[in-house]
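Read through the structure below, which is laid out as structure tokens, and then see the notes.
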Amino acid sequence: MARRGGHLIALFALPILALALSVLPVPPAQAHACDADRIVQMTAAYVDKRPVKSLGPELTMAEALCAQTALVARLSRELGRPIGYKVGLTSKAAREMFGATTSVHGVLLEGMLLPDGAEVSVDYGIRPIFEPDLLVTVKDEGVNDAKTPLEVARHLEAVIPFVELADLAMAEGEPLSPEMITAINVGARLGVIGAPVPISPGVDFVDALGTMTVITTDASGNQLSKASGKAILGHPLNAVIWLAEHLAESRIKLKAGDIISLGSFARPRPPQPGQTVTVRYEGLPTGAMQVSVTFR
């Protein structure tokens, strides 16, 4: 597995989230669900890269978060400490596909993020998929009170190109409900990042994030996807607003140094052996950004 570039060392030296704050607290009456055999089996399957079976149609969100806690704790043995969050189901189409009325969140671990140009085994997950995404880093806790993308930008440090290498994890034919997506930590497995670009809190930069064009191509220049910044909740920074409000329901605050994956700009695709994928972000006043990954 490739190591991070030097620009990430300074980035990750910022304060890191405690695991206890990674997920919503579980009501005492349902806390026993964390010890259920089915959750132990699910966690073992995910870690061992064996198809995960559904935890059942009766799965509640509290139980799903319990399962997520167990999974994150187990994954952290190999992938290190939590460094932030990922937001999933950020498009209307994705929410309709999975019968969701809102987005969901997962936890990012420090060993999940690889440097630009990394080579990754095509079978890094159970049902691996890649998505054009975008990361942001939090500058200060004022982001928790932001209500518009412009307000959010004032409390962010940087935007970072990101190809998420997610994992659907479930066995073929197994249903993926919002609760089950949460239980498998929203499929967080790996991701490849480009160079951070400092965020300008001005109107021009923020507006450009919403209107930028995100293009995914292969090594031959064939276009795999093309989307506007609006593909994520109408504006990428709306994902930060959703996450802050979502965590606030459990008295959790985003902190300086937190890294947030904002969601996918296009439908996921399975990686192919020998394929190189590049995501390019065009239309920002600071110039185009891009990031690439090769699958072996």
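Here, each number is a calculation from the coordinates, and none is a lab measurement. Computed from a prediction, not measured in an experiment: that's the story for all the values here. No Cβ is skipped: glycine too gets one built from the backbone with ideal geometry, and neighbour counts run over all protein chains shown.
Brief remarks follow.
- Applying 1/(1 + (r/R0)^6) with R0 = 30 Å to the Cβ-Cβ distance of GLN290 and ASP140 gives a FRET efficiency near 0.60.
- Sparsely packed loop sites in segment 219-296 (the GluC sites (Glu not before Pro) outside DSSP H, G, I, E and B with at most 12 other Cβ atoms within 10 Å) comprise GLU249.
- Between ASP37 and ASP123, the simple spin-label model (points 7 angstrom out along Cα→Cβ) gives 2.9 nm.
- Relative contact order computed over the chain (Cα-Cα under 8 Å; 6+ residues apart), in percent: 25 percent
- For the chain, the fraction of C-alpha pairs more than 26 angstrom apart is 40%.
- For the chain, hydrophobic long helices are taken as DSSP H runs at least 20 Å long by C-alpha position along their axis with mean Kyte-Doolittle hydropathy of -0.5 or more; these are 61-79.
- In segment 150-243, GluC sites (Glu not before Pro) in a DSSP loop with at most 13 other beta-carbon atoms within 10 Å: GLU172
- The ranking of MET112, MET61 from fewest to most other beta carbons within 10 Å of each one's beta carbon is MET61, MET112.
- In summary, the lysines within cross-link reach of LYS255, defined as a Cα separation below 20 angstrom excluding same-chain residues under 8 places away, comprise LYS86, LYS139, LYS147.
- Mean ellipticity per residue at 222 nm, deg cm²/dmol - from DSSP H runs of n ≥ 4 across the chain, formula -39500 (n - 2.57): -7000 deg cm²/dmol
- For a paramagnetic label modelled on ASP204 (point 7 Å from Cα along Cα→Cβ), amide N atoms under 20 Å away belong, within segment 133-158, to 149-158.
- Sorted ascending by nearby beta carbons within 10 Å, beginning with the fewest, SER54, SER200 become SER200, SER54.
- Sorted on the mean count of surrounding Cβ atoms within 10 Å across their residues, most packed first, peptides 139-147, 221-229 read 139-147, 221-229.
- Ranked for footprinting exposure by Cβ neighbours inside 10 Å, fewest first, ARG154, ARG189, ARG251 give ARG251, ARG154, ARG189.
- Computed FRET value (nearest 0.05) for SER220 with ARG267, which takes r as the C-beta separation and R₀ as 22 Å: 0.60
- Using a cutoff of 8 angstrom between alpha carbon atoms and counting only pairs six or more residues apart, the relative contact order for segment 33-146 works out to 22 percent.
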